[in-house]
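As structure tokens, the structure follows; a few thoughts come after it.
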Amino acid sequence: MDSRLLFLLILLPLAGGILNACIGCRLPRRLVPLLAIGSVLGSFILSIVCWSLAAGGGTQVKLFTWLESAGLKADIGLFFDPLAASMCLMVTGVACLIHIYAAGYMARDENPARFFALLNLFVFAMLCIILADNLLLLFLGWEGVGFCSYGLIGFWYEKHENALAGRKAFIVTRVGDLFFTIALLWLFTLLGTVDIAEINQRAAELDPGLITPLVLLLLGGACGKSAQLPLMTWLPDAMAGPTPVSALIHAATMVTAGVYLLCRMFPLVSLSSVGMAVIACVGAFTALYAASCALAQREIKRVLAYSTMSQIGYMFLAVGVGSVAAAVNHLLVHAFFKALLFMGAGALIHLAGGENDIFKMGGLRKKNPLLFGLFLVGILCLAGAPLTGGFFSKDAILLATFSRGDGLSAILWGLGVFTAGLTSFYSFRLLYLVFFGESRGSKAGHHLSPLLVWTLPPLALLGLCGGLLNLPHLYGGQEMLSHWLGTVPAVVLPFVTEIGLVLLMVLSFGAGWLPAHILYRNFRGEQEAPWRQFLLQGWRFDGLYEQIILRPYRFVARFCWIAGDRGLIDGVVEGIGSTMLHWGGYFRRLATGQLSFYLQGFAWGLLLMLGWLLLKAAV
């Protein structure tokens, strides 16, 4: 098979995005989404066709040399290995369904060409991250998803809060990008290359004292993109964009980029025990933080946003304990059920007449039983119901954490189990408030386009059966994904211990479902409490950053503006100008045009010269 097909895989979404951006406004309205869908569908088909190229050590193909100067060489080259192949198939497949869904969701929007152009470019940028064979090309895709997220989150920029949300996402993720940039340049300085495979092969040559800061810098970049502590405040506000954008960001692109970076650079990352411990801690604490915030959210998409943050935390935890296969497995399964949940949420908002407050919904099970059944599948996967894909993938992460056998891993495992219980609680809280009881809203529902419903069953099926991707030996599986990625775990827990841990996960699921069922099955309102406001505002991290970062920054900026710009620069420039104008006005009075005045001036000048000569002669 011709390996150059890989370039077609990545270029099709780019071509679709450019065409819609340039001529989309002049095309028939129905052709705009078809062009976008066709380009992503083509990439999905090519991901399947090129699957065999990932076997063994994978396939590397170079198109041309992009940059070559002073020892730096960066090619436009792609690397298609088992990890990249798995990610490509997921990204293009899920993105294709989201594009089809978006065709129905954005049917009445005034700017479909701009929307679908950005959506296509988003997929292209993510494929750049996945397939890049060097860090510089990966960084190009890294910045590309940042730009596209800015444009899509603030797509309805006529509302000021939407524009602010897009700007916030762009700025916060740029903070993380700074760390990644430093790591990239530092690695080039130390090893003289930006080729990912070569960096991983030569990582052992690095000074052990330098590996930990390099890993922490990579973690900083990953935290920005994947909304992990402390760079997580942008993700809940990213719900300002259209629902298809939320689905794409949370399921297939953007937030998964940080996890992918750590998995791709794992041979380097794994050399630092401190770095691995920090990654695991960041993941576990972010999972707990986000799950606690989801308990009090009122908007349906904000609940799902915090759940994404929490589930990405589990993936970081898996990387931190050395289980790349568990991280990738949960990433893939999460993509399926989270796309299902976000797309289902968009349909529910339409069904509720544009209402997104879950306390003002209720009774939607009767309005659309099919949508209820599909959304229930997503909730079961998110909550980790036994035998669902979410159960197997989350269970694998907690088993890998427990099997480490040290004190820190035991603490992180305990946090993971507790967080799983919280996840079950807020998942069923969402389900009961939206679908059960009587309708608490006054808005009339909208007609649902078939595209908003019939794109969901494939995702529901994949979410339910996703556990088969890496089914453990305990259930008669062969851990196919682990073998495919070449990361079969070396540690095997005793059968009794493993059964006990699985039963504990089942109990954790039940411990979350039962109180949610009691409190929200027949919901009649709840009292406001300070802790609810605290969680609703995300532990008030935005206020903290306002005090320690934004306010001092504004003070310095205002000082520089008033004292530096207006006081010094404007003062000097305007002062010189005023002085020149003053003296110019004085000398202008001497230009009277009268001959007698000029002769008088000559006479006085002559007298002054004679006086000066006489004085000089006398001295």
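The values are calculated or read from the model by the stated rules, or taken from the named source; none is laboratory data. None of these values were measured; they are calculated from a predicted model. Note that each Cβ is placed from the backbone with ideal geometry, even for glycine, and that neighbours are counted across all protein chains shown.
Of the numbered criteria (1) surrounded by fewer than 12 Cβ atoms within 10 Å (Cβ to Cβ); (2) without any contact (Cβ under 8 Å) to a residue 12 or more places away in the chain, the one residue 522 fails is (2). Remark: pairs (first residue in segment 449-477, under 23 Å from residue 242 (Cβ atoms); second residue of a type in the set (S, T, N, Q); Cβ separation under 9 Å; 6+ apart in sequence or on different chains) = 453/368; 463/388.
Contact map, segment 526-554: first residue more than 22 Å from residue 303 (Cβ to Cβ), second residue of a type in the set (Ser, Thr, Tyr) and part of a loop (DSSP other than H, G, I, E, B), Cβ cut-off under 7 Å, separation 6 or more or different chains; pairs are 545/233. Applying the criterion of being hydroxyl-bearing (Ser, Thr, Tyr) and modelled with pLDDT under 95 to the residues of segment 490-534, the residue that is nearest to residue 361 (Cα to Cα) is 520. Listed by first and then second residue, the pairs linking a residue in segment 73-85 that is assigned by TED's automatic domain parsing to the domain that holds residue 197 to a residue that is buried (at least 23 other Cβ atoms within 10 Å of the Cβ), with Cβ atoms under 8 Å apart and 6 or more places separating them unless they lie on different chains, form an empty list. Among the residues of segment 347-360, those that are surrounded by fewer than 24 Cβ atoms within 10 Å (Cβ to Cβ) and out of contact with any strand residue (DSSP E or B) (no Cβ under 8 Å at 6 or more places or on another chain) comprise 349, 350, 351, 353, 354, 355, 359, 360. Scanning segment 51-109 for residues that are surrounded by fewer than 16 Cβ atoms within 10 Å (Cβ to Cβ), of a type in the set (A, V, I, L, M, F, W, C) and closer than 30 Å to residue 351 by Cα yields a count of 1.
If you go through segment 120-151 and keep only what is farther than 25 Å from residue 263 by Cβ and within 14 Å of the chain's Cα centre (by Cα), you end up with 150, 151.
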